[in-house]
Amino acid sequence: MLHEILLALIGHTGNIIVEEEGQFKVSNSIEFLTEAEVEQVNKVVILGIYYKQITDFVKRNSGLNSQIPFLLCMEDLKDDNDDEEIEVTSVYVKSFCAGVQEVLNLYKEHILAIEHEYFVNDSLNITHLSQKLSLFYQLLPSLTGCIYEIESQELKGGQLLDLVYQNCNVGNPIIKSMFTKILFFCNKVLYHQINAWIVHGQLLDISDEFFIHMIDKGEEAPEGQSKIDASRTMKDGSNASVMSVGSNATFYRIKAVLGKNLQEDEKEWNNLFTLRLSMLPHSYFPSKLADKILFIGKAVRMLQSNKTGEEDRIQVEDLKAFSAAISKLQSIKEFNLPLFSKVIQVIGDCVAKKLWNLVVVKGDLLTHLQNMKDFFLLGNGEFFHFFVEESRSLMSLPPTAKADYEINLGPYMKTKNILGKEDDEIFKKFKFRMRSFSFNFKDFRTRDHLSCPGAVFQNRGTKYLKIAATRKSRRSGAIWHSFKQKIDTGFKTNFNFKIKNHIVLNSYGGDNVNNMSMMSSSPFGFAETPRKTGPGGDRDHIMQSTNRISGGLHDDYPNLRMSMHGNLGGADGAGAQQTDRVSIGGEINEINPLSVSLVVILQAQKDVIASKYSAPISTKDLQEYIAIKFNSTFYPTGDNGGVSVYSSKFRGQLSITNSVSVWATSKDPFGNFDNPLTNNSPNRDNTRLVDQVDLPYDVDIIDGEQHSVKIEFEKDVLKVYIDQYSQDPVLSTPIRIEDSIELDNGSCYIGIAQETFLTNNITEIFNWSLMSSTQSFSKDSWSGLSLEYKAQWPIHLFLSPTILENYNRLFRFLFPLRRVQIDLQNDWNNLKRIYDVFDEEQMRFVMAMRARLNNFINNIMSYLQLDVIETQWFKLSTGIEKCQDFEEARKLHENYLSTLSSKFFLSMEKIIKIMQDISHLVMRFSMQCKLIVEAATMKQTQELVMEDEEIKEEDSFIPKTIFREINDIKADFSVLSKLIFKILNRRKGVDNSTFLSQLF
C-alpha cells in the first residue's frame, strides 16, 4: 500500500491510487480502507498531481532544440521551400525549468529517503508520511500557482523575472528560499545577455525577451531564398513564451542575432537599438540602469567597429575585466542591486571616457558645435547679412517645389562667392532646405525619421510595422515621427492598420486562429483532454485542487494558507481575485470587459527618442496630450463549456462594441473625468472626454482585416473618417489644441500607440502620411526654411537627427527676426534719402514708427544673441572642456538646447504668435516704405519735367492709402506690444535681461 502511495507521489498511478478529473485519489473500488483512511491518503497523494503537472511543464519547456544548431551549421543543405515549423522556447522559461528541476530533485530525494526508511522500519504509517512531506505541502502548490501564471499569461523575459521575484517577497521563509533559488537560475540568462551586450556589443535574444531590442530593418531575404510570409512568421507577434516560426524565418532570425557584425551604419546609434520596457524586470531593475546598459553596448559597438583606430578601441584586457566582473555578479545567490549598479557604473565610466576621447578630442567636437552656433543660431552675422540681401527677391515670392534647389544654387552660392568661401569645407557641410511639415510613408521599407519605442517589430521581407501587446502590460509600443509637426493651422493624417486579437479570431473561427494561438489550452498543457470542472474553467480547477488540500490541512499547517492562496496571484500583485474576475464565470457581471485601443496621440511634452527609457509609449506616460482612440471592448457571453477565454480552445460568442473617442487634457480644475485610457494613473485628473461615438455595426476594428483611417483638423474642428464611411466623418467635434497642449512654435509630436486591457493582440501599421496646412495659412510662406548639416562619423553620435531638428527649431525662430531686422535697417537708409520729398510731419511719423519697430526687434535680437546664446555657449564650452565623459558632455549639450528653447519662449505659444504677428507687421511696414520710396522717386522725376505751378499741393504728401496702412500698423503694433509686455512681465527671470527691460 505504501509503495502505491510513494509511486503516486512521483506521478504514477495504479489500481489503488487512480487519476480522476485531474486529481489523484483512492479508487472507489477499494473496500479495505475506512473512510477516514481514504481521506488521509487523498490528502497525501494530492502532492502527486502537483508533481505531475510541474514535471509535464518542465518536460515541455526544458532542453535544447536540436534543429537550431543544425540550421546554423548546415546552411548549404537547407531546403529553400522547407516550411516545417519549429519552436524556439523562451530561454528564461528554460532557466526557470532548470531551477524547478532542482526543487523536483529535492522532492524525489525526499521520497527515496522515505522509502529507505520504510525498508528499515515497516511500521511507518500515513500520519508519519504526511508529517515527513509537510515541507512540500508549502512548496509544490506555490510552484504550481507560479507555473499557471507563466503559461496562462505567457510570461517570458523580464515579465517572468518579475513574477519570480515577487514570489520571493513573501513571509514564508521556505517559499522565499525556493523562489530565490529559482530566480538565481533565471538571472543567469539575464547576466549572460548583459555580458554579451556590454562586452561584445552583441544582442543575444532569439526569443525577443531581453529588455534591449533591435528593430529589424525590414530587409529582403538573401538572393535565392524565399520571402517569409509575415502572417505566419510568429504565432503571437514575437511576444509569447514560445515563438513558433517557419524554419526559414527561424534561420534568418537566429543568424541575424548570433552572427550580426558590428555595423558601420551611421544611423545605428540613434535608430537601431531601443529599450523594450515591457521586458524589463521592474520589481528590482531600475529603468535608468537599463538605459545605462543600452548606452554601454552601443558605445562598445562603435568603439570596436572597423572605422575606429586601434588606439581608440577598448583593450582586450579591459573587456576581459568587464566580463569577469559580470561573471562574479552572476555567482552571487541573490541579486545585489547596489553592487550591480556600481559595476555597471564603473564599466560605463570607462567606456564613456573612451568615447569622449574619440568624439570630443579627436573628433574636435567644439569646432563642430561652433559651426552649429554660427549657422543655426546666426552667429555668423556677416554671412546672414549678405544672404538676406541676396535672397530678398526670391523670398518675395512663395516657395515652389524646387525651392531647395533655387535657394542653394542661387542666394547661398552667391553669398559664398561674395565672402570667398566657395571651397570652404565648413560651408560645404551646410545647405538650406524647406521644411514642409509633412511626411508620407507608403510603406515601412525605410523608417527614416521614425522613432519606435517599446514592443515594435518589423520582420524581414515585410513592409509594415507591428505593435505587440500582452495582457500583462497596457504599455506595449508606439510609432512616433521623430520631428515635431506644425499642426496649429490644420493638418490631415492617414494610415491603414490591422488588429489581430486571438480571442476574437478564435470566436470567428478564422484561418488566423493558429497564428495567434496560446501555448496550450489549459494552464498545464493538457490540451488533449480539456477539463470541464465548473464555471471557472481551468482556474477553478486549480483553486478547487488547492481548496481540497487546504480544507483538511490548515489546522495542521497554518502557514499553508498563505502559500496556497497568496502565491496564485499574478506577477502584478493583483492576486487571485483579479484573475477570477476575468475568468469565464457563470455570471457575466463578474467578468471585466477586455479592450483593444489604437490611439493617435498629439503631444509636445516629452521627446520621443526611442533609445531613451523616458520615451512615451502610451497616454499613461503623458500629462498633456490629445488622443483619438479607436476602441473595441468585448467580453464572452453564454456557456463556453468551462474553457478559458484566454485559451486557444475558446470558441464562444462575444459581445463587441466599437467606438471612436477623443480625449484631451485640460487645465480646467473642475474638468475631472474618468479616463479609461489611463486607469490607475495618479496624475490624470485633468483628462476629459471631448466626444465619443459608436461605430456602425458592420465596422469591427479587431476583425483581423485592414482598415483605413483619416483624421482632419481645420478651423478648430477635428474630423475622423474610417473605411467606406470616408464621405462623411464618423466623428466631428470642436476642439482647441492650444487648450490641451503647450505647442512648440505651433508644433507637436504625433504618434500611433496601442493600449490594451487584459488581452493579447498585434497591431499592424501598413502606411502613414501627414500633411500640414502651415504653407497655406502661414503669413510668411518661407517660415519653414531650415538648414541641413552633414554630421560625419563619429560626430553623428552627438549630432543626431533629433538634435539637428532642435537646432532647426531655433533657426526657424531666429531667421525671420533677422530678416525683418535687416529690412528695418534698409528702410532707414531709404527713408533718409527721400526725407525732404514729402511732408516733414508725415515723414517724421513714418521714421518714428520705424524707430519703434526697430527698437523692439533690436532688443529682442540682442536679448537672444547676448543674454541667451552667448551666456549658454560659454557654459557649454567650459563644461565640455572640463568633463571627460561622453554621457556628461551629451547631457550638457542637451541642457544647452533645452535652455535655449526655454529662453526663446518656444514653449509659450502666445508669445510665439505675437512675435510672428509683429514680424509680419514689420514686413507690411517695409512694403509701405518701399512704396513711399517709389512714390518719392516718381515725384522727383515729375519735378524735373514740370513747372512749379503744375505740381499739385497734395503731391507733397505721402499717398493716403500708404499713410492709412502705416497708421493701421501702428495701432496693431500698440496692441501686440502691450500684450507681449504683459506676458513677459509675468515671466520669472525676464527682469534680469537688460535688453528685455528696455522694451517696457
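The values are calculated or read from the model by the stated rules, or taken from the named source; none is laboratory data. Computed from a predicted model, the values in this text were never measured in an experiment. We place every Cβ from the backbone using ideal geometry, glycine too, and count neighbours over all the protein chains shown. Remember, those area values only see protein heavy atoms, side chains included, never the ligands or the DNA or RNA. Shrake-Rupley method; radii C 1.70, N 1.55, O 1.52, S 1.80 Å.
Here are a few things to note about the model shown:
- Of all the listed residues (Asp312, Asp349, Asp318), the sole one being in contact with a Leu (Cβ under 6 Å, 6 or more places away or on another chain) and farther than 15 Å from Tyr191 by Cα is Asp312.
- Selection within the stretch 130-165 - more than 27 Å from Ile111 (Cα to Cα), in contact with a Phe, Trp or Tyr (Cβ under 7 Å, 6 or more places away or on another chain) and not in a helix (DSSP H, G or I): Lys156
- The requirement of being surrounded by 16 or more Cβ atoms within 10 Å (Cβ to Cβ) and of a type in the set (A, V, I, L, M, F, W, C) is satisfied by Val100.
- Boolean, Leu892 is open to solvent by less than 30 Å² (accessible area, probe 1.4 Å), part of a helix (DSSP H, G or I), at pLDDT 90 or above and not basic (Lys, Arg): no
- Reported count of residues in the stretch 320-339, each being in contact (Cβ under 8 Å) with a residue 40 or more places away in the chain and assigned to a helix (DSSP H, G or I), is 7.
- Test: residue in the stretch 614-623 that is at pLDDT below 80 and either part of a strand (DSSP E or B) or surrounded by fewer than 18 Cβ atoms within 10 Å (Cβ to Cβ) (or both): yes
- Subset of the stretch 428-487 (residues that are in a loop (DSSP other than H, G, I, E, B), modelled with pLDDT of 85 or more, within 16 Å of the chain's Cα centre (by Cα) and more than 19 Å from Trp269 (Cα to Cα)): Lys484
- Within the stretch 950-966, residues that are more than 18 Å from Asp836 (Cβ to Cβ) and modelled with pLDDT of 80 or more have Cβ atoms under 9 Å from residues that are open to solvent by 50 Å² or more (accessible area, probe 1.4 Å) and in a helix (DSSP H, G or I) in these pairs: Lys960/Glu954; Thr961/Leu931; Glu965/Arg924; Glu965/Met927; Glu965/Leu931; Ile966/Arg924, counting only partners at least 6 apart in sequence or on another chain.
Rundown of residues vs (1) open to solvent by 10 Å² or more (accessible area, probe 1.4 Å); (2) at pLDDT below 90, yes/no style:
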{"position": "Ser90", "(1), (2)": "no, yes"}
{"position": "Ser123", "(1), (2)": "yes, yes"}
{"position": "His128", "(1), (2)": "yes, yes"}
{"position": "Gln131", "(1), (2)": "yes, yes"}
{"position": "Gln153", "(1), (2)": "yes, yes"}
{"position": "Phe184", "(1), (2)": "yes, no"}
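- Hey, Phe386 of a type outside the set (D, E, K, R) and over 40 Å from the mean Cα position of the chain (by Cα) or not: yes
- Checking each residue in the stretch 773-799 for being of a type in the set (Gly, Ala, Ser) and modelled with pLDDT under 85 picks out Ser773, Ser776, Ser778, Ser781, Ser783, Gly784, Ala791.
- Total residues in the stretch 1-10, condition open to solvent by 20 Å² or more (accessible area, probe 1.4 Å) and either among the aliphatic types (A, V, I, L, M) or in a loop (DSSP other than H, G, I, E, B) (or both): 3
- Of the residues examined, Ile911 is not one that is closer than 21 Å to Leu377 by Cα, modelled with pLDDT of 90 or more and either in a helix (DSSP H, G or I) or of a type in the set (Lys, Arg) (or both).
- Any helices (runs of 4 or more DSSP H) falling wholly within the stretch 363-409 and containing at least 3 residues that are under 30 Å from Leu303 (Cα atoms): 365-376
- Some residue of the stretch 463-471 being in contact with an Asp or Glu (Cβ under 6 Å, 6 or more places away or on another chain) and open to solvent by 20 Å² or more (accessible area, probe 1.4 Å): yes
- Check on Asp208, at pLDDT 50 or above, surrounded by fewer than 20 Cβ atoms within 10 Å (Cβ to Cβ) and touching a helix residue (DSSP H, G or I) at 6+ places or on another chain (Cβ under 9 Å): no
- Which numbered condition Gln884 fails, given (1) farther than 19 Å from Phe815 by Cβ; (2) part of a helix (DSSP H, G or I): (2)
- Number of residues in the stretch 15-33 that are in a loop (DSSP other than H, G, I, E, B), within 23 Å of Lys59 (Cβ to Cβ) and open to solvent by less than 30 Å² (accessible area, probe 1.4 Å) equals 1.
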